[in-house]
1. Starting from the range 285-298, keep only residues that are assigned to a strand (DSSP E or B), then list their pairs with residues that are of a type in the set (Asp, Glu) whose Cβ atoms are within a distance under 9 Å, requiring at least 6 positions of separation or different chains.
2. Among all residue pairs at least 6 apart or on different chains, which show Cβ distances below 6 Å where the first residue, located in the range 115-136, is under 20 Å from Leu58 (Cα atoms) and the second is small (Gly, Ala, Ser) and assigned to a strand (DSSP E or B)?
3. Could you pull out every one of the strands (runs of 3 or more DSSP E) wholly within the range 336-403 that has 1 or more residues that are among the aromatic types (Phe, Trp, Tyr) and in the same structural domain as Arg279 (by TED's automatic domain parsing)?
4. Quick one: count up the residues across the range 391-436 that are buried (at least 16 other Cβ atoms within 10 Å of the Cβ), under 19 Å from Asp31 (Cα atoms) and either in contact with a Ser or Thr (Cβ under 9 Å, 6 or more places away or on another chain) or modelled with pLDDT under 70 (or both).
5. Restricting the first residue to the range 23-34 and requiring it to be more than 12 Å from Thr57 (Cβ to Cβ) and at pLDDT 90 or above, which pairs with a second residue that is in a loop (DSSP other than H, G, I, E, B) and of a type in the set (A, V, I, L, M) meet a Cβ separation below 6 Å and a spacing of at least six or different chains?
6. Go over the candidates Thr357, Thr341 one by one and state the one that is polar (S, T, N, Q), under 21 Å from Ile133 (Cβ atoms) and touching a residue at least 24 places away in the same chain (Cβ under 8 Å).
7. If you take just the strands (runs of 3 or more DSSP E) that sit entirely in the range 488-586, which of them hold at least 1 residues that are buried (at least 16 other Cβ atoms within 10 Å of the Cβ) and small (Gly, Ala, Ser)?
8. Only one residue in Glu259, Glu265 is out of contact with any helix residue (DSSP H, G or I) (no Cβ under 6 Å at 6 or more places or on another chain), farther than 23 Å from Gln372 by Cβ and modelled with pLDDT under 85, so which one is that?
Amino acid sequence: MDYQEFIESKALSDIPTGLAEVPELNAAMFDFQRDIVSWALKRGRAAIWADCGLGKTLMQLEWARHIPGKVLILAPLAVAHQTIREGEKFGITNLEYMPDEIDNGNNPVTNYERMDRFDFSKYTGVVLDESSILKNFTGKYRNLVIESCQDIPYRLACTATPAPNDHMELGNHAEFVGAMTRTEMLSMFFVHDGGETQKWRLKGHAKGEFWKWVCSWAVMIRKPSDLGYDDRDFILPELRMHHHTIQTEATGDFLFQMEAQTLQERNSARRDTVEDRCREAAMIANATDKPVLIWCNLNSESETVTKLIPDAVEVSGCMTDEAKAKGLVGFSKGDFRVLVTKPKIGGFGMNWQHCSTVIFLGLNDSWESYYQAVRRCYRFGQKNKVDVHIVTADIEGNVVRNIQRKEADAEKMAAGMVEHMRDINRENIKGTQVNKSDYKTEVVENDNYKAMLGDCVERTREIESGSVHYSIFSPPFASLYTYSNSARDMGNCKTDDEFYTHYKFLVKELYRVLMDGRLVSIHCMNLPTSKARDGVIGIRDFRGEMIRMFEDAGFIYHSEVCIWKNPVTAMQRTKALGLLHKQICKDSAMSRQGIPDYLVTMRKPGVNPEPCSGPFEKFVGDESTFENTGNLSIDVWQRYASPVWMDINPSNTLQHRSAREHNDERHICPLQLDVIERGIQMWSNPGDLVLSPFMGIASEGYTAVKMGRKFVGVELKESYYRQAVKNLAAAEQLKQQDLFDV
C-alpha cells in the first residue's frame, strides 16, 4: 500500500464487518432496542452494555436471527432455558437448548461450562450472554472463549457490567470482538506510574480517542435517555436498603468486640455467626407470603436457612446442572416461594422481577457479585418497591464498608463511561459520522532554518534529493511513548509491526535526501518490557532493530557510542523491578543493569563530495559562547572517539514543559545538547544543512543554528512546533550576538 492507504489503515476505529443491508426488525422492540440491533448488525462484531432489564436478551436474539448461517449462544446456567422462553414470547422459535451439539437446523443455546462440546468452525456467529465472564483476563473461560471465537465473522457480547471498577476489563471485550488485543490497548491508551506497575490508568490526553475507539465497537446504556430516547417505560421504583446487625460477644481480654480486619478473620466471623444470622433471615422471609430471594456465601448458611423456612428451595453447587436449572427456573415460574442459593450460581442473567424481597446472609468483597444479585429483582420491569436486607455480624463492618466504597466507585465510573460515550454512541447508533480532527500544515523559514508542521514522511518528501549533509534525531520508541492522538504519529501504533511499517516510509526518504557518503545519527535506547504489556519482564533490542531497518534501506552501519545513564535515577523514576535493591535479596536472577542511551550512526554509500574537514566550533564556558578552534585537538578527539561517553550532562536540554497541552502527555526528555553538539561538530561543516524529521521543540535545530549550520525540521504536534519556532528564533538571536561580539 502507499503511505496514505497505510495512514488510513491505522485509524483507531474498528472497521465494520457486518450486514450491508439490515432487514426489518421485530415490531415488539422499543425504538432504542431496534436502533442498537441495527447498528450491531452493521458492525458485525460488537458489544452491547445495557443495564439490567433493558432487553439484552431480545436484542441479542434478534441480532442472531438475522445473521447468515448458524449462531451459537453461550449463557450462564439456567439463563439458557430462560433465553429460549424469552425468544418464544417474541416469536423467535429457531432456538434449542443443547447440552451437547446436535445438528438439526436450530441455533443452539448452551452453558459456558459446555462450550468445549461444540465445534466452533460450524458457526458464522456467536453471542455471549452475560459477557462479564471475560472480566478475568487469566480465567479459563476468558481464554477459551477468545481463542475459540477468533475465526467467527459475527460476534456479539452483552452484559450490564462491562467494567464494574476497572477500565482494563474493557480490553477483554475489545479482544473478543477483534478490535484490538488487551496488550495493544494498554500500549496505546494506558500508563502506569512509578511504584505501581500493576495499576494501569488511562492517559489524560488519550481519553477522547480512547472513548471514540470504544464507541466504534460498543454501546453503553443505563437508561434510554442516555441515547436520546424516552425513559417513560423504564423508570424504576424505589430501592430500600435494610441493614440487620447481629451483635456478638467480646472474646479474649478485650472489653469490646474487635472488628474483623483480614480475610481470614472475616471468614471466621461468618462461620461463628451462621446460626444467628440465619434465624434473622428466616424471620424476615417467614413474615411475608410473597416471593423471597436469599443469597448465601457458605454452604452452612444455605443449608441452615433452608431448614428454617418451610417453603424454601435450596440450589447448591453439589447439585447436577439439571437440578440447579429446575430450581432456578421453578422460582421464575412461581413453583417455589423462597429460593436460597449463591450469587455465583444464580446471580447472573436471571429475570426475577416477580420478587421484591432480597436477603443477603452476609457479603463477600465482590461488588459485581452484589450488584448482579440485587439486579435479578431490581431491574426494569419491576413494578414494586424492592427491599434489600443485608444481615451481617457486627464484626463484619469492614466488608460492608468495602462494598459501599466499591459501589460508589463503580457508580462514578459507570456515569463517566456513559458521559464519555453518550454523544458518540448517539451519532453511531443513529448513523451520523463522527467528526475527525483536521491535519494541519505550516512552514516558518528564513536563511538559517526551515520549520515544517506536518507529517514527517510527507514533509520530508518535499526536501530535495541529496541536499541534506547530516541528520540527527531521537525517534519515537514504538508505542511506549505517545505524543499525540494522530494516526500519523509513529508513537500511536497498535503493534511493533505497524510501527516498523510506518517507520520504513521515513527511512526510505532519509536515504533519498541525504548526500552520498554522509551520515544520519539516531539517538535511542533499548526498551524494557513488562509482564502486563508484553507477557515477560525483559529488554527489547530496539537499538538493533533500528540498525537492521536502516541497513535494509541501503545504509551502512557506521558507528555507535554508548551514553552512560545513572541507574539510581532510573530506579527512582521507573521503579523497575530489575533495578530495585530488594530484588537482589529476593532473587538476584531478576536483577539487571541500567539501560543506557545510544547514538547509532549510519552512512549512505558513496563518496562524500564535501569532506568534513573543519574548522570546528567548541562551546566554552556559557553554552551561548563558542570559539573557532580549528580541527579537533587530540584530547578532545580521544574523548569523542571513546565508545562510551561518560561526561554527558543529562540535564543540559532545552526547556520543554511549556510545549505540553494535556495531562500525561509525554515528551521523551529532549536530546541532550552535548550529544547534538558532538554529532554536528564531528560530521558536518559550517553552512551544511542538518535535518531532524522528529523536530519536537527543535533541540537539534537550536544547536545547529547556533553552530553556524542551516536546519530543516518537521514536527507533527502543533504545540511542540510552536515551541520549536520560538527556540529556533532564540538560537538565531544568540548566533547574531556572538558574531557581534567577534
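The values are calculated or read from the model by the stated rules, or taken from the named source; none is laboratory data. Because the structure is predicted, anything quoted here is derived from the model rather than measured. Here the Cβ is made from the backbone with ideal geometry for all residues, glycine too, and neighbour counts use every protein chain on show.
1. Ile294/Glu301
2. What qualifies is Leu128/Ala157; Asp129/Ala75; Ser131/Ala157.
3. In the range 336-403, the matching strands (runs of 3 or more DSSP E) lie at 357-361.
4. So the count comes out to 4.
5. Listed pairs, sorted by first residue: Arg34/Leu25.
6. Values: Thr357 fails: under 21 Å from Ile133 (Cβ atoms).
So the residue among Thr357, Thr341 that is polar (S, T, N, Q), under 21 Å from Ile133 (Cβ atoms) and touching a residue at least 24 places away in the same chain (Cβ under 8 Å) is Thr341.
7. On the way: elements: 514-525, 527-529, 538-540, 556-563.
Qualifying strands (runs of 3 or more DSSP E): 514-525.
8. Glu265
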